[in-house]
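The block underneath contains the structure these notes are about, expressed in structure tokens.
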Amino acid sequence: MSTTDLSQFPAIAFIGGGNMASAIIGGLIRQGLPQDRIQVVEPYAPQRQALQQQFGISALPAADSSLAQAQVFVWAVKPQTFAEAAAAVADYSRHALHLSVAAGIRSDSIAQWLGNDQIVRAMPNTPALVGQGMTGLFARPQVSAAQQQLAEQIIRTTGQLLWVQQESQLDAVTALSGSGPAYVFYFLEAMQQAGVEMGLPADQALQLAIGTFSGASALAAQSPESPSVLRERVTSKGGTTFAALEHMRGADIAAHFVGAMHAAERRAKALGDEFGG
């Protein structure tokens with residue numbers, strides 16, 4: 001994760017103050033962004049108070065003219081509320097860069113709602129909450145190189161990032177990494193269940209499962225070899241790993257897993273159709 005000093009970063013406003021906004025705000029403050037340069041619009045009073053107490057920032061119940069000082073807006077609202085929120089903010093933000101982390105909402109819709117083409121879309125995931133996120137980014141042509149750098153500085157506070165060249169590819173990013181942590185948790189649950197059924201205490205089974213996932217991921221990240229080669233290296237014919245993988249092949253697990261991600265991609269596209277302008 002980046003350790004860039006953000007003490008000179010421009011004022012930033014968050015529209016929506018939920019988990020992803022909190023993850024980014026925390027990262028920005030840890031890397032030196034003064035609290036007085038951060039504003040949040042959060043209608044839900046308990047969440048607004050929690051943000052004020054945790055970060056010492058200005059949190060508003062609704063958009064007002066004070067937002068006009070912000071040079072960057074981060075959109076962390078639910079897809080179904082984006083259009084309404086944008087209508088309240090548009091008059092104060094036509095000069096600014098807009099970074100959206102709202103799933104599915106396409107930049108054409110955002111540009112229409114805000115009267116502004118300076119838009120970067122981001123698809124983060126929940127490991128951003130612990131600084132281990134993986135985020136895909138797309139910039140409209142009107143976004144300058146300097147503005148892309150601003151977007152990168154924001155997202156790097158939460159982990160890794162990559163840029164895609166076509167906005168439609170963000171639906172695939174959503175399916176792979178955006179929804180991906182849930183797949184990992186699903187497999188962790190199954191591994192824990194198996195461990196318990198085989199006689200291990202639940203806490204030990206979970207510790208073994210988590211350690212295995214994190215270690216295998218670290219090995220895959222550092223190795224020049226492909227995942228298939230790494231898998232083959234730990235699979236001796238007739239051995240225990242071979243027995244497990246043969247069972248998975250018999251159940252067509254890979255095809256079902258790939259199919260599940262296609263379902264997630266279709267839903268990401270449908271969100272854009274359903275809630276876009």
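Of the residues making up segment 25-32, none is charged (D, E, K, R) and closer than 21 Å to Ala96 by Cβ.
Among the residues of segment 153-172, not a single one is part of a helix (DSSP H, G or I), of a type in the set (Gly, Ala, Ser), assigned by TED's automatic domain parsing to the domain that holds Val74 and in contact with a strand residue (DSSP E or B) (Cβ under 8 Å, 6 or more places away or on another chain). With respect to Met191, is the statement that it is surrounded by 15 or more Cβ atoms within 10 Å (Cβ to Cβ), of a type outside the set (S, T, N, Q) and more than 20 Å from Lys78 (Cα to Cα) true? Spelling it out, Met191 is indeed surrounded by 15 or more Cβ atoms within 10 Å (Cβ to Cβ), of a type outside the set (S, T, N, Q) and more than 20 Å from Lys78 (Cα to Cα).
Scanning segment 10-64 for residues that are of a type in the set (Phe, Trp, Tyr) and either part of a helix (DSSP H, G or I) or more than 22 Å from Met123 (Cα to Cα) (or both) yields a count of 2. The one condition from (1) under 22 Å from Val40 (Cα atoms); (2) crowded, with 18+ Cβ neighbours inside 10 Å; (3) at pLDDT 95 or above that Ala103 does not meet is (3). Val229 passes every criterion in (1) among the aliphatic types (A, V, I, L, M); (2) surrounded by 12 or more Cβ atoms within 10 Å (Cβ to Cβ); (3) farther than 20 Å from Ala103 by Cβ apart from (2).
For segment 29-62, what are the residues that are in contact (Cβ under 8 Å) with a residue 40 or more places away in the chain and farther than 20 Å from Thr158 by Cα? Of everything in segment 29-62, those that are in contact (Cβ under 8 Å) with a residue 40 or more places away in the chain and farther than 20 Å from Thr158 by Cα turn out to be Val41, Ala59. Among the conditions (1) hydrophobic (A, V, I, L, M, F, W, C); (2) surrounded by fewer than 12 Cβ atoms within 10 Å (Cβ to Cβ); (3) over 22 Å from Tyr186 (Cα atoms), the only one that Ala251 does not satisfy is (3). Give the number of residues within segment 54-87 that are more than 24 Å from Gly26 (Cβ to Cβ) and either buried (at least 21 other Cβ atoms within 10 Å of the Cβ) or of a type in the set (Phe, Trp, Tyr) (or both). The qualifying residues number 1. Against the test of being assigned by TED's automatic domain parsing to the domain that holds Gln31 and among the small types (Gly, Ala, Ser), the options Gly104, Gly195 yield a single qualifying residue, Gly104.
The values are calculated or read from the model by the stated rules, or taken from the named source; none is laboratory data. This structure is a prediction, so every number in the text was calculated from the model and none was measured. Virtual Cβ from ideal backbone geometry, glycine too; neighbours counted across all protein chains shown.
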